[in-house]
Structures are given as structure tokens and as C-alpha cells.
Amino acid sequence: MGLDILIRNGTVVDGSGMLRYRADVGVQGGRIVEIGRIRAPAERTIDADGLIVAPGFIDGHTHMDAQVAWDPLGSCSCWHGVTSVVMGNCGFALAPCEAQDREWFARCLTAVEDIPTEAMMAGIDWTWETFPEYLATVERLPKAINYGMYIGHSALRMYAMGRRGVEEQANEDDLRRMAHAVEEAVRAGAMGLSTSRATTHITPDGSPVASRIADWEEIDRLVGAMAALDAGVFQIGPDISSGEAQRVFLERLRRVALENGRPIMFGVLATRQGVDPNPWHYQTHYIDDTMAAGGRMYGQATTRSINAVFSLKSYLPFDTLPGWRTIRAFPLEEQKRHLADPEVRRRLVAEEAEMKPRDSVLQGGGAATTDPRMPDYDNLYPMLGVDWDDPTVAQLAQAGDKHPIEIIIDLALENENQVFVQPLVNESPNDVLGILKHRRTLATFSDSGAHVCQEMGSSLQTHLLSYWVRNKQQFTLEEAIRMLTFDNASAWELPDRGLVRAGYMADLVVFDQQRIKPRLPTIEQDLPGGARRLVQKADGIAATIINGAVAFENGEATGNFAGQVLKGPLAGRQKP
């Protein structure tokens with residue numbers, strides 16, 4: 001019997017870190033069935049001469065829980081060679097949730113996703129209550145990529161406690177109900193439990209999200225429920241509001257790791273924000289020490305800075321000022337006419353003095369765009385390319401003998417799609433490189449699906465391959481592919497993904513090593529109801545194959561939706 005797909009004459013980088021080799025890859029029934037010089041006929045042949053054939057990339061830190069309901073592609077991750085994602089990170093999720101609380105849950109997600117509540121409610125056919133029911137819903141949805149998911153602590157707390165979940169400590173009945181729900185979710189196939197202690201995670205009214213109200217004893221109880229099953233990853237958003245707060249957080253997290261034995265993941269971040277921040281190597285030394293003491297722990301890493309993103313079509317740093325607010329309420333073309341008026345520009349420049357001064361409070365992408373401080377123009381960049389080498393607004397202002405605001409306006413009028421980025425954490429390329437090179441970090445922190453018009457990290461994979469591999473030559477291609485595939489598959493215990501091996505699922509990406517590169521992001525109005533978001537695609541990817549079906553060719557969707565739900569190890573097992 002013939003093959004479904006034959007990838008001929010490609011150069012295989014198999015995900016293990018081993019050196020590349022020339023071979024054909026045969027696919028049948030959704031799996032890789034043969035590697036070598038293949039003579040069997042195939043229904044479809046892909047000529048990969050001069051191209052790399054690698055395992056599909058795995059992104060373990062996304063927030064696509066709402067988006068999966070209306071976006072069958074899995075964008076923007078799908079355009080960067082990603083074939084599998086894990087969603088529900090940082091405690092944010094849409095299940096479990098009672099029917100009468102759906103709008104409340106959506107409203108609480110608005111501050112994180114930057115998707116209007118009305119758009120979420122319009123785009124989601126919300127038919128579930130429990131986590132197993134949500135998982136079953138995602139299984140039924142058309143999807144081009146694979147999705148694993150956590151049960152989220154904030155959602156769980158709001159479900160178990162109602163409005164008390166965002167106000168007070170859990171009682172014994174609450175804890176029993178939550179622990180039971182965690183066990184139920186893990187048995188159904190949840191990848192684990194996620195939570196957050198990050199001070200940047202707030203509700204629309206500025207109060208802490210539900211998981212931040214919980215005490216550590218509650219976390220002990222919920223992680224203990226996974227430990228009793230010997231299954232599930234615990235992911236947590238760290239408190240990096242100050243160096244001291246982070247040190248206290250990490251020491252308490254060590255107890256969770258050592259007492260329960262479950263794998264723990266958190267973001268390793270370098271930042272100049274906050275009070276007396278710790279360097280990134282404090283965090284990686286801590287991970288090493290915890291592992292040496294018997295814990296299991298991974299750091300999650302970005303491949304470039306995490307940025308607040310500004311543009312004429314979304315947010316600008318000055319939108320809260322009265323004069324700016326008036327102009328920004330107009331349609332885009334009328335805004336441009338006002339911004340071109342010299343007298344209006346003079347007033348707008350003068351109004352900058354009324355902005356809130358910069359302070360030591362740590363801001364994420366949400367607060368940085370909706371509650372901005374006086375810009376540091378030495379840390380604000382027009383994104384003219386994707387090679388992390390753009391001049392600052394301050395440098396352009398000095399060169400042009402203009403006020404920085406005039407530079408921003410000039411560039412926005414020249415190109416209405418011009419975006420500006422303000423690095424928030426991982427500001428230094430050297431810090432990012434140090435984090436990525438540590439043996440216990442995972443290149444997997446895209447945040448795809450969150451802050452949809454405030455941040456853009458979905459190009460994590462193509463940035464690694466174009467910037468760090470091709471431009472800077474800090475990693476071999478074999479090392480980088482291993483980081484994006486096998487390392488992540490191993491950390492989340494995905495037994496048949498992450499390698500080009502006979503018997504493994506046929507999740508594959510075929511790309512040009514010399515051309516793969518993210519494109520510049522744009523603002524599009526393609527969410528339910530026409531709401532806006534940042535969109536970033538990539539060049540150089542010839543084909544993305546998911547579960548044996550060609551899902552994308554040269555960046556375009558084929559209409560094949562062969563994505564699956566990725567489940568933890570207990571799914572399908574009978575309860576003892």
C-alpha cells in the first residue's frame with residue numbers, strides 16, 4: 001500500500017540534537033512510517049531538496065483557550081512552524097465554569113487576553129461546565145494544530161467559591177471541591193494545573209486575579225492532588241515585583257517541588273523594572289539547587305524581549321491624555337489629518353508633561369498600554385525590522401533634532417502599520433541568550449493568544465532560528481531544533497512527538513534555513529465582531545504537516561484540520 005505523503009530529498013534535523021542527514025520521510029495514517037531512501041509510491045510528494053525537515057515545534061506557554069473556539073488555524077503560532085501548544089497557563093482558563101458565570105469569567109479574562117468581553121461571548125459557543133466537558137468540546141472543534149491544556153487555578157477557584165473566590169481564603173469544603181476537580185481534570189487528560197502569583201495579573205477593576213488570593217497551603221493541597229495520582233505538571237506565573245518578593249516566592253515554591261515531586265515550570269525573566277530585581281542567573285542557580293535537592297523544575301524562556309507594543313491602530317503611550325484621547329476617538333484617516341497639523345502637534349507634545357512619572361512598579365503589557373507612564377525614549381523602539389537592531393526613538397529624535405513624540409507621529413503617518421516596542425522584561429539580548437543556554441530552561445514562552453493587541457511573542461520559534469542561529473550563530477540548527485521540539489515534548493511528557501522517528505506522529509515542518517524569519521507584525525480586525533489584534537506571520541516555511549495532513553503550505557492554510565487534543569498520561573485509564 002502506498003504512502004499518504006512522501007517528503008523527498010530533504011535534510012532531516014530530527015530533534016534529538018544529532019547532526020543532520022539527507023533522507024526521505026514517509027508518512028501514512030498520521031504517523032512517520034519510514035525514513036531513508038524511499039521507493040514506495042505516495043499520494044502526495046513534497047520536494048524538500050535544499051530544505052530542512054524537522055519535527056513540528058511545540059509551544060508550552062500559550063493562552064488560546066478562548067481563541068480555539070473561533071479560530072481553527074491556531075494563529076499566530078501556526079505560521080511559525082508550531083504544531084502543538086499547551087494553553088490554560090497562569091491559571092487563566094474557561095473551565096470549569098457554571099452557565100450563569102460565563103460573562104463574568106470572560107470579563108475577568110479581558111484584562112489578560114485584551115479581547116473585548118463582547119467579542120469572546122460572540123465567538124464562543126459555550127456549552128460546557130466542567131473541565132472534562134471543555135476538553136471534549138475542544139476535541140470536537142475543527143483545528144489545524146494540536147492543543148494540550150491545564151486546568152486553571154483562577155477559573156477553578158471562581159467555580160468552587162463563586163464571588164468569594166476573588167475575595168477570601170478557601171475553607172475546607174472549598175479545598176475539597178477544588179482538589180476533586182483537579183483530580184477529575186488530570187484523569188480526563190489535563191496536562192496539569194496552572195496558577196499565578198504575578199502582580200501584573202489583575203482583573204479589569206485592578207484587583208488581583210483569583211489565584212493570587214489563595215494562600216500557599218491551598219496550592220499545596222491542589223498540587224498534592226496531582227502528586228497522589230503521580231501525574232500532571234504544575235505551571236506558575238512568578239512574583240517578580242521586587243527582588244525580595246521573588247526570593248520569598250521561590251523559597252516557598254521549592255517546598256512545593258520537594259514535597260510533591262511534580263514537574264514545576266515558571267518563567268525565568270530578567271528585568272530592570274521593580275525594586276532591586278534579581279538577575280536571571282539567580283533564578284537558574286535556584287532551579288539547579290532545587291533539582292539537586294530532588295525536585296523537578298524547568299524555567300520557561302523567551303527568545304527575545306517581552307514588549308509592550310504600540311501603534312496608531314491600537315494603543316499609543318499618550319492615549320490617556322485629554323488632547324490625545326479626543327483625537328484618538330476619531331476614525332483613522334481623521335486622526336492622521338489632525339496629527340499632521342503643526343499646531344495640534346505642538347499641543348500634543350506639550351501635553352506629555354502631564355503623564356504619570358516613571359516609577360518602580362512592575363508593569364506587564366496590559367498596564368504598559370492602558371495605564372502608561374512617561375515614556376523612556378531610550379527604551380522605545382520603532383520596529384523597522386525583525387533583527388533586534390532598531391534605533392531607539394531617542395536616537396532618532398537626536399539625529400533629527402525633533403521631540404521624540406514628533407518622531408513617533410512622523411513614522412506613524414508615513415506608515416499607519418508602524419509599531420513601536422517598549423521592552424518590559426528580558427530587555428537585553430545578552431540576558432536572553434544566557435537564559436536560553438541554561439540546561440534547564442525551555443524555549444517555549446510565547447504567550448500566544450494573550451494580550452492580543454498589547455504584546456506579540458508568537459514568533460518565538462522563527463526568531464530563534466533567524467536571529468540566534470543564522471544571524472548570531474549562537475546555536476547550531478540542530479541545537480535550536482532540539483530546544484523547540486524534543487526538549488519540550490520531554491518536559492510535557494508527550495511520548496510520540498518531538499522527533500523525526502518511525503512510529504512517531506507525523507508533525508513536521510519543512511523550511512528553508514536561509515529564509516526562515518518572522519515578518520513585521522500588523523494590526524488586523526479579525527476577531528469576532530471585528531475586534532483588533534496583532535498578527536505576525538513568517539517567511540521561509542514551505543510546509544507544516546500535522547498528524548499526517550498538510551495544514552499549511554508557504555504560509556497559507558490548506559483547509560486540513562487534523563489537529564488533536566494532547567492528553568496527560570492518565571487519560572483513558574480506569575480509576576482504581
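The values are calculated or read from the model by the stated rules, or taken from the named source; none is laboratory data. This one's a predicted model, so the numbers in the text were calculated from it and none came from an experiment. Don't worry about glycine lacking a Cβ; one is built from the backbone with ideal geometry, like all the others, and counts go over all protein chains shown.
Got at least one residue in segment 524-537 being more than 22 Å from residue 469 (Cβ to Cβ), touching a helix residue (DSSP H, G or I) at 6+ places or on another chain (Cβ under 6 Å) and either aromatic (Phe, Trp, Tyr) or crowded, with 20+ Cβ neighbours inside 10 Å (or both)? Within segment 524-537, one or more residues are more than 22 Å from residue 469 (Cβ to Cβ), touching a helix residue (DSSP H, G or I) at 6+ places or on another chain (Cβ under 6 Å) and either aromatic (Phe, Trp, Tyr) or crowded, with 20+ Cβ neighbours inside 10 Å (or both).
Can you find a residue that is assigned to a helix (DSSP H, G or I) and among the polar types (S, T, N, Q) anywhere in segment 228-237? So far as segment 228-237 goes, no, none of its residues is assigned to a helix (DSSP H, G or I) and among the polar types (S, T, N, Q). Sub-9 Å Cβ pairs linking a first residue in segment 119-140 that is closer than 14 Å to residue 186 by Cα to a second residue that is of a type in the set (Phe, Trp, Tyr) and not in a helix (DSSP H, G or I), at least 6 apart or interchain, are 134/128; 135/128; 136/128, ordered by first then second residue.
Assessment of segment 261-268 against the conditions (assigned by TED's automatic domain parsing to the domain that holds residue 89, free of Cβ contacts under 8 Å to residues at least 24 places away in the same chain and out of contact with any strand residue (DSSP E or B) (no Cβ under 6 Å at 6 or more places or on another chain)) yields no matching residue. Checking each residue of segment 98-110 against the condition of being touching a residue at least 12 places away in the same chain (Cβ under 8 Å) and part of a strand (DSSP E or B) gives no match.
With respect to being at pLDDT 95 or above, in the same structural domain as residue 273 (by TED's automatic domain parsing) and out of contact with any Pro (no Cβ under 8 Å at 6 or more places or on another chain), residue 514 falls outside the description.
Can you pull out the strands (runs of 3 or more DSSP E) entirely within segment 242-359 that have at least 1 residues that are farther than 19 Å from residue 223 by Cα?
297-301, 306-311
Going by the conditions given, is residue 57 in contact with a Leu (Cβ under 8 Å, 6 or more places away or on another chain), modelled with pLDDT under 95 and hydrophobic (A, V, I, L, M, F, W, C)? No, not satisfied.
crowded, with 19+ Cβ neighbours inside 10 Å, among the small types (Gly, Ala, Ser) and under 30 Å from residue 465 (Cα atoms), is that true of residue 295? No: the conditions fail for residue 295. Here segment 373-401 is the region considered, the condition is being in contact (Cβ under 8 Å) with a residue 60 or more places away in the chain and out of contact with any strand residue (DSSP E or B) (no Cβ under 6 Å at 6 or more places or on another chain), and the residue that is nearest to residue 422 (Cα to Cα) is 388. Residues in segment 556-567 that are more than 20 Å from the chain's Cα centre (by Cα) and in contact (Cβ under 8 Å) with a residue 60 or more places away in the chain: 557, 560, 561, 562.
The set of residues in segment 140-185 that are within 30 Å of residue 509 (Cβ to Cβ) and in a helix (DSSP H, G or I) contains only 140.
Please tell me if residue 60 is surrounded by 24 or more Cβ atoms within 10 Å (Cβ to Cβ), in contact (Cβ under 8 Å) with a residue 60 or more places away in the chain and in contact with a helix residue (DSSP H, G or I) (Cβ under 7 Å, 6 or more places away or on another chain). Spelling it out, residue 60 is indeed surrounded by 24 or more Cβ atoms within 10 Å (Cβ to Cβ), in contact (Cβ under 8 Å) with a residue 60 or more places away in the chain and in contact with a helix residue (DSSP H, G or I) (Cβ under 7 Å, 6 or more places away or on another chain). The residues listed here are 433, 411, 396; of these, the one that is under 30 Å from residue 468 (Cβ atoms), at pLDDT 95 or above and not assigned by TED's automatic domain parsing to the domain that holds residue 333 is 433. Only one of these conditions is not met by residue 226: (1) under 30 Å from residue 573 (Cα atoms); (2) surrounded by fewer than 24 Cβ atoms within 10 Å (Cβ to Cβ). Which number is it? So the condition that residue 226 fails would be (2).
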